[in-house]
1. Might you let me know whether the range 312-335 holds any residue that is modelled with pLDDT of 95 or more and open to solvent by 30 Å² or more (accessible area, probe 1.4 Å)?
2. Anything in the range 49-70 that is modelled with pLDDT under 90 and in contact with a helix residue (DSSP H, G or I) (Cβ under 9 Å, 6 or more places away or on another chain)? List them, or say none.
3. Quick check on my filter: what residues within the range 105-123 are more than 14 Å from Lys183 (Cα to Cα) and open to solvent by less than 50 Å² (accessible area, probe 1.4 Å)?
4. So is Ile302 assigned by the TED database to the domain that holds Pro157, crowded, with 21+ Cβ neighbours inside 10 Å and of a type in the set (A, V, I, L, M, F, W, C) or not?
5. Any idea how many residues of the range 422-466 are closer than 17 Å to Asn133 by Cα, surrounded by fewer than 16 Cβ atoms within 10 Å (Cβ to Cβ) and within 25 Å of the chain's Cα centre (by Cα)?
6. Val180 - would you say it is surrounded by fewer than 23 Cβ atoms within 10 Å (Cβ to Cβ), closer than 27 Å to Leu388 by Cα and modelled with pLDDT of 95 or more?
7. Tell me which residues, restricted to the range 284-297, are over 15 Å from Glu375 (Cα atoms) and exposed (fewer than 15 other Cβ atoms within 10 Å of the Cβ).
8. So Gly376 clears everything in (1) open to solvent by less than 40 Å² (accessible area, probe 1.4 Å); (2) assigned to a strand (DSSP E or B); (3) not aliphatic (A, V, I, L, M) except one condition, right? Which one?
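The values are calculated or read from the model by the stated rules, or taken from the named source; none is laboratory data. Everything numeric in this text was worked out from a predicted model, so none of it was measured. Quick reminder, even Gly has a Cβ in these numbers, built from the backbone with ideal geometry, and neighbours come from all protein chains shown. Protein only, heavy atoms only, side chains kept; ligands, DNA and RNA dropped before computing areas. Shrake-Rupley method; radii C 1.70, N 1.55, O 1.52, S 1.80 Å.
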Amino acid sequence: MNEPLQRRTPSQTDIAAFKDLTKIDALTRLQNSLNKLVLTTPSQSQKDVRTEFDGFEKLFSRYLLDSVDQSSIDWQEIRQPPEGTVIPYKKLTAIDEHDTKDFLNKLIVVKLNGGLGTTMGCQGPKSVISVRNDLTFLDLTVQQLEQLNRQYGCEVPLILMNSFNTHDETEKVLQKYSHVSVKIYNFNQSKYPRVDRETLLPVATNVNTSDNECWYPPGHGDVYQAFYNSGLLDEFIEQGKEYMFLSNIDNLGASVDLNILNHLLTDEVKHEFVMEVTDKTRADVKGGTLIEYQNKLRLLEIAQVPKENVDEFKSVSKFRIFNTNNLWINLQAIKRVIEDNTLHMEIIVNHKSLDKGINVIQLETASGAAIKSFEGAQGINVPRSRFLPVKTTSDLLLVMSNLFTVHRGILKMNPQRSFPSVPLVKLAISFNKVKDFLSRFQSIPDCLELDSLTVSGDVTFGKGVSLRGTVIIIANHGDRIDIPTGAILENKIISGNLRILEH
């Protein structure tokens, strides 16, 4: 009698081999789709589109084929940064005034300008929102550099990295700066296709006609490759520029610092990459921090932390600093890591749903994660004043208030404030849009002595209101609270219904 055939149970090796073949097949299909997409562009644009898609293909290939998840962290391997890799700002040597002009002429300033103002209810680029004295983020940046160039007789250019969402509008706005003594350049970060989560193929069918929602800008980690592709990197190296100061355009504390520049150009060790970090507060517990990992200085983000270690990551006592995303990077080193293909940043996987109901993934990278690809990388623990981001109208309230003074585009803490920390402010949803926010304040309150402010519900503020200590204002559903003109609220909780009637 014939023996019945034994069904072989697939081994782990068989399963892994099958998965690998599936991934290779998915990559091949993606490559074919990208090739077809390139052909939908005019012949004169195909080379540029192909270059962008090569970058996307490389990122997608890493996402699919890397056997070890590069973003995962073995928590036991984490070490505090070794002595000397994160230094206090106060240890920096002040720049010699005789060197200032020459050193500034070796610097370029790059601002990340890819974001829209939609989260604050504004149309167009976030950089054109008015934040102080009717001046926009972009106005303040240009003012800072114009003052620097005039004061020292130097030429520090401003370079904006736009996204396809902000480029056209930014080009129009830049015309108003034609008279200023700052050379302004633009380049676009890449435009990558969103990929259907089921098919792993691009949602777009045509480069020029597919909806904008079929595409995405791949995070600010794209700055290195996009800057290289633009030709500007080589242009500035030829001009004798040595360092880029990179920061978010909505960080009003990120101005050129002469002491950091002096450190980069005079220290015995060549630092190809310097990250400004600052001390954590309760508001920053989710911010990325610097660690030593596998003998390299590395940025650790909360998304990489195993769930069981998240509380430890948020601990202000263990991880005391966080990344401000103010970065100083050597231009020749950027050229080297791009051309040698040694630039490595962890992939951030974002899951989105399009309006048409398709679930997509978009792969992004963060500029600070590149720190491990550079030699002599270092952190500098800077004063909190160098980190003043405006992400929400709660932040906007602080920068519009008397907590800060503005001088030639630079915001500084008002010397009349008795302690240097910024108050914690949480405004109600009804304040989220800039237009609604402005309509709820007859004038911006005096915040010089404020520690924290929480506002919930339908609340308005009269003229000349003073907020001191801890103030909590809660209007219950259906109620409204009008804070009267000239009111002084010190360590107060106000709830219920308070309406000022006109006589």
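1. yes
2. Hits for the range 49-70 are Leu64, Leu65, Ser67, Gln70.
3. Leu112, Asn113, Gly114, Gly115, Gly117, Met120, Gly121, Cys122
4. no
5. 1
6. Considered against the rule, which asks whether it is surrounded by fewer than 23 Cβ atoms within 10 Å (Cβ to Cβ), closer than 27 Å to Leu388 by Cα and modelled with pLDDT of 95 or more, Val180 comes out as no.
7. Lys286
8. Failing condition for Gly376: (2).
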